[in-house]
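Q: The structure is given below, and queries will be raised subsequently.
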Amino acid sequence: MAVIEIKNLSKHFDKVKAVNGVDLAIPEGELLVILGPSGCGKTTLMRMIAGLEKPTSGVISIGGLDVTELPPRARPIAMVFQSYALYPHMTVFNNIAFPLKAHGKFSKTDIKEKVKWAASILDIEKLLERKPRQLSGGERQRVALGRALVKEPKVLLLDEPLSNLDAKLRASARDSLQRFQRRLGITTIFVTHDQIEALGMGDRIVVMSQGKVMQVGTPQDVYHNSANTFVASFLGSPGMNFIQRDNYLFGFRPEQFVPQEIADRKDDLQLFSFAVTRVEYLGAEQQIYGVVEGSSDEKKVIASLSSETNVRLETGKTYTFAVPQQQLRFFDHETGLRIEPQPL
Amino acid sequence: MKTPTRWIKRALFYGVVAVFCFFSASPFMWMIITMFKQDKDLYRSANNPFIFNLPPTLSHLDLLFNNTNFLVFMRNSVFIGVLVVIITLVISIPAAYSLARLVGRWGERAGIGIFLVYLVPPTLLFIPLSRVVVSLGLHNSLWSLILVYPTITIPFSTWLLMGFFKSIPKDLEEAARVDGYSRLTSFIKVIMPLSMSGVVAVIAFTFTLTLHEFVYALAFVTSSAQRTISVGVPTELVRGDVFYWQSLMAAAAIVAIPVGLVYNIFLDRLVAGFTMGAVKG
């Protein structure tokens, strides 16, 4: 059964449609990632689920209860803010205990026990007497998570919780956050603009753009079977290459676009004549920029190759590149939506 | 090589500090010395004014406490001060918070408008305000000042506190609301403790303003028993062309020194309070 159900939810700020007719159902225990570029409405969507933003129209229900009109404190949710929003004048202990003190229904010993429990899962027992300013970024993140967990919410909302960590810490934080979510089995919504976080952590991904849901699906689904050109070009770095033909577009991922010599011969290959304009060395891989001859718009196309490959490519020369037929994706020229394969 | 330059730097630093200390402390020293001086010592122009040429005396303190209404003035001033502080806090805290958070861009403009009100001088306002005071039947009463002083203190305090509330990230109170608190309780539990510097600055500003304010106190209150220190002391201790200098100094020192001490205790918070308001307001 779905823990959260969102029906036709919209939020308009004056003329800006921040969220525009979103429908979502999130089953129990799922880690759902909302992914999109900044300004796509993902944070507004999360804030509406939290109750911090009042929807213009639509319905949100959590655990079967219609919460659309309820204030945040009446919703069975907890949230970790991008800035962590730890209370600077309180110790870590008091920060974590703060949600428990809200209703006055827990005794002092209960509070102590629950804080200890949250601190022990997050491995921050030694920090309880410190103030937030004495903590590192990773420790702050765990304290914020502890404060969210201690009231045992039905739904955990995470607003870009990793974006304030430095790059090296982020990989281990992704891992620990995901394991932690699995262990507790808590339904989690994770907002991010980072596709690595989304693809690496999500059970399902919601890709948003301009207030609308572009696609909902597993990481494999949204990456390999993108529903439209936005999703296809947003995911992957670099995103999908598109080439225009008559009244449709076809596309392929840069890593599928390889010199004919090293292409897998068992595949049914589509060959292109590729004029290389620039070779960019990026350590483990190299990116080859160029133009596919015979395409009607002469747009730049990128190929991602391993740096270890034997084929030498030089700027200004033309090579034969190949893409397996089954890796070609076709989209409508007008709407950008995925269509059936077309004859090339 | 390093040590001599460090010594010079230190000497310069403490030299400048010493000059400032002398500059701010010498009036107090002079006041304190003068209040114990005999008339014969004070009025001889050949005497050094900064030392006791004749033995000190307590007779001027006796005059101040026993032959003037000084204690009544003090009580009046403290009474007015405390009440005006309370009124100012009760009105300016919610006003500043709502202007900082709830009204959006109009809040900023309204805040500037409110601050402009503070810039209208009392010398211009006391005539219209005296009509208000008279029509309310408060003339010649302490309550007229309790009514009028907030017109100066509230605009300034609102503006000062606005800067404070704006500098506190919205995330913090939203976190409190998600954590199970209402808007009001999150304000009390999270925003207020973080704005204490601003509140202390408002209390200090308001209280000292009511202590030294002169124009309204002179215009609205005439009976001696209702006067404040700022008006009462000069009217009772300047009789005709006779200045009771020693008693005047004593009155000034007795009021100024406790205020100065309190300022020093809260100095860090006050500096934080006023500069924060100035930068973020």
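The values are calculated or read from the model by the stated rules, or taken from the named source; none is laboratory data. Values in this document were obtained by computation on a predicted structure and should not be read as measured data. Backbone-built Cβ (ideal geometry, glycine too); neighbour counts: all protein chains shown. These accessible areas exclude ligands, DNA and RNA; they are computed on the full protein's heavy atoms, side chains included. Shrake-Rupley method; radii C 1.70, N 1.55, O 1.52, S 1.80 Å.
Q: Chains B and A: what accessible area do they bury, summed, in square angstrom to the nearest 100, with a 1.4 Å probe?
A: 1700 Å²
Q: Could you let me know the centre-to-centre spacing of the stretch B:16-85 and the stretch A:155-211, using Cα atoms, in angstrom?
A: 69 Å
Q: If you don't mind, there's one more thing I want to ask. Just to be sure I follow the definition: excluding the sites themselves, where is the longest run in chain B that has none of the chymotrypsin sites (Phe, Trp or Tyr not before Pro) in a DSSP loop with at most 14 other Cβ atoms within 10 Å?
A: B:53-213
Q: Suppose every Lys and Arg Cβ carries +1 and every Asp and Glu Cβ carries -1, with no other charges. What dipole size does the protein assembly as shown come out with about its Cα centre, to the nearest 20 debye?
A: 1940 debye
Q: Oh, and also: List the residues, sorted by chain then number, that are 5 or more residues from A:Gln215 or on another chain and whose placed amide H is less than 5 Å from its amide H.
A: Residues meeting the amide H criterion: A:Val207.
Q: Over chain A, give the accessible area per residue in Å² for a 1.4 Å probe, as an integer.
A: Ligands and nucleic acids excluded, the figure is 47 Å² per residue.
Q: Related question: From the residues B:Ile91, B:Leu209, B:Ile112, which one has its Cα farthest along the dipole of chain B in the positive direction, the dipole being from +1 and -1 charges on Cβ of Lys/Arg and Asp/Glu about the Cα centre?
A: The residue sitting most towards the positive pole is B:Ile112.
Q: Normalise the Cα radius of gyration of the protein assembly as shown by 2.2 N^0.38 Å (N = residues in it) and let me know the number.
A: 1.43
Q: Out of the total accessible area of chain A (probe 1.4 Å, heavy atoms of protein only), what percent is carbon and sulfur?
A: 47 percent
Q: Right, here's the next one. Could you list which residues have their amide H under 5 Å from that of A:Val80, counting only those 5 or more apart in sequence or on another chain, with H placed in the peptide plane?
A: When sequence neighbours closer than 5 places are left aside, the close amide H contacts are A:Leu157, A:Leu158, A:Asp159.
Q: Moving on to the next point. Helix B:267-280 versus the longest principal axis of chain B: what is the Cα-based angle in degrees, 0 to 90, to the nearest 10?
A: The helix B:267-280 is inclined about 50 degrees to chain B.
Q: Still on this structure, I have one more. Angle check, please: helix B:70-101 long axis (alpha carbons) against the longest principal axis of chain B (alpha carbons), in degrees 0 to 90, nearest 10.
A: Taking Cα atoms only, the helix is inclined about 20 degrees.
Q: Relative contact order of the stretch B:77-168: what whole-number percent is it, with Cα pairs under 8 angstrom and at least 6 residues apart?
A: Over the stretch B:77-168, the number comes to 52 percent.
Q: Based on the Kirkwood radius over alpha-carbon pairs, what is the Stokes-Einstein translational diffusion coefficient of chain A at 4 °C with 1.567 mPa s viscosity, in µm²/s?
A: In µm²/s, the coefficient is 57.
Q: Next question, about the same structure. Hey, got a sec? Which GluC sites (Glu not before Pro) in the stretch A:69-133 land in a DSSP loop and have at most 16 other Cβ atoms within 10 Å?
A: Of the GluC sites (Glu not before Pro), the ones in loops of the stretch A:69-133 whose Cβ has at most 16 other Cβ atoms within 10 Å are A:Glu69, A:Glu129.
Q: Separate question: Please work out the C-alpha center-to-center distance from the stretch B:95-163 to the stretch B:181-235 and express it in whole Å.
A: Measuring centre to centre over Cα atoms gives 12 Å.
Q: Run the dipole for chain B about the Cα centre, Lys and Arg Cβ at +1, Asp and Glu Cβ at -1, nothing else charged, and hand back the magnitude in debye, nearest 20.
A: 760 debye
Q: Tell me, what HN-Hα J-couplings in whole Hz come from the Karplus equation 6.51 cos²θ - 1.76 cosθ + 1.60 at θ = phi - 60° for each residue of the stretch A:2-19, using x for Gly and Pro?
A: Going residue by residue, I get 6, 7, 10, 10, 10, 10, 6, 7, 9, 9, 10, 9, 6, 9, 7, 8, 5, 10 Hz, with x marking Gly and Pro.
Q: Note every residue of the stretch A:64-102 with a reduction of at least 30 square angstrom in accessible area, all protein chains present versus the isolated chain, computed with a 1.4 Å probe, or write none.
A: By number: A:Pro72, A:Arg73, A:Phe81, A:Ala85, A:Tyr87, A:Pro88, A:His89, A:Phe98, A:Ala102.
Q: Alpha carbons only, please: Rg and Dmax for the stretch A:248-339, in angstrom.
A: So, for the stretch A:248-339, Rg and Dmax equal 13.4, 40 Å respectively.
Q: Pairing the Cα long axis of helix B:122-135 with the longest principal axis of chain B, what angle in degrees results, from 0 to 90 and rounded to the nearest 10?
A: 80 degrees
Q: Let me ask you something else. As I understand it, the dipole of the stretch A:2-224 uses +1 on the Cβ of Lys and Arg and -1 on the Cβ of Asp and Glu, about the Cα centre. Which of A:Tyr84, A:Pro153, A:Ser57 lies farthest toward its positive end?
A: Of the options given, the answer is A:Tyr84.
Q: For peptide B:160-173, compute the average count of partner chain beta-carbon atoms within 10 Å of each residue's beta-carbon.
A: Averaged over the peptide's residues, the number is 2.
Q: How many Å² of accessible area per residue for chain B, probe 1.4 Å?
A: For chain B, the per-residue accessible area is 54 Å².
Q: Same structure again: Apply the Karplus curve 6.51 cos²θ - 1.76 cosθ + 1.60, θ = phi - 60°, to the phi angles in the stretch A:241-251 and return the couplings in whole Hz, x for Gly and Pro.
A: 7, 10, 10, 8, 9, 6, 10, 9, 10, 10, x
Q: Per residue in the stretch A:38-59, which ones lose no less than 40 Å² of accessible surface when going from chain alone to all protein chains (1.4 Å probe)?
A: Residues shielded by partner chains are A:Leu52.
Q: Quote the charge dipole size of the stretch A:2-224 about the Cα centre in Debye, to the nearest 20; the model charges only the Cβ of Lys and Arg (+1) and of Asp and Glu (-1).
A: Its charge dipole is roughly 720 debye.
Q: OK, next. Can you run phi through the Karplus equation (6.51, -1.76, 1.60; θ = phi - 60°) for the stretch A:82-98 and list ³J(HN,Hα) in whole Hz, with x for Gly and Pro?
A: 4, 8, 6, 6, 6, 7, x, 8, 10, 6, 4, 4, 5, 4, 6, 6, 3
Q: How large is the helix-only mean residue ellipticity at 222 nm for chain B, computed as the sum of -39500 (n - 2.57) over DSSP H runs with n ≥ 4, divided by its residue count, in deg cm²/dmol to the nearest 500?
A: Calculated mean residue ellipticity at 222 nm is -24500 deg cm²/dmol.
Q: Please report the carbon-and-sulfur percent of the accessible area for the stretch B:2-57; probe 1.4 Å, protein heavy atoms only, DNA, RNA and ligands left out.
A: 74 percent
Q: While we're looking at this one, here's another question. Please list, in chain and number order, the residues 5+ apart from A:Glu285 or on another chain whose amide H is under 5 Å from its amide H, with Hs placed from the backbone.
A: A:Ser307
Q: Next question. Hey, in the GNM for chain B with a 10 angstrom Cα cutoff, which one of B:Gly180, B:Gly163, B:Gly260 fluctuates hardest?
A: Judging by the Gaussian network model, the answer is B:Gly180.
Q: How much accessible surface area, in Å² rounded to 10, belongs to the heavy atoms of A:Asp268 with a 1.4 Å probe?
A: Per-residue accessible area (A:Asp268): approximately 100 Å².
Q: Restricting to chain A, what percent of DSSP beta bridges are antiparallel, rounded to 5?
A: 75 percent
Q: Given 20 °C and 1.002 mPa s, how large is the Stokes-Einstein diffusion coefficient of chain B in µm²/s, with Rh as the Kirkwood radius over Cα pairs?
A: After rounding, the answer is 98 µm²/s.
Q: Going toward the positive end of the dipole of the protein assembly as shown, with +1 on Lys and Arg Cβ and -1 on Asp and Glu Cβ, which of A:Gly239, B:Ser224, B:Leu102 do you reach last?
A: B:Ser224
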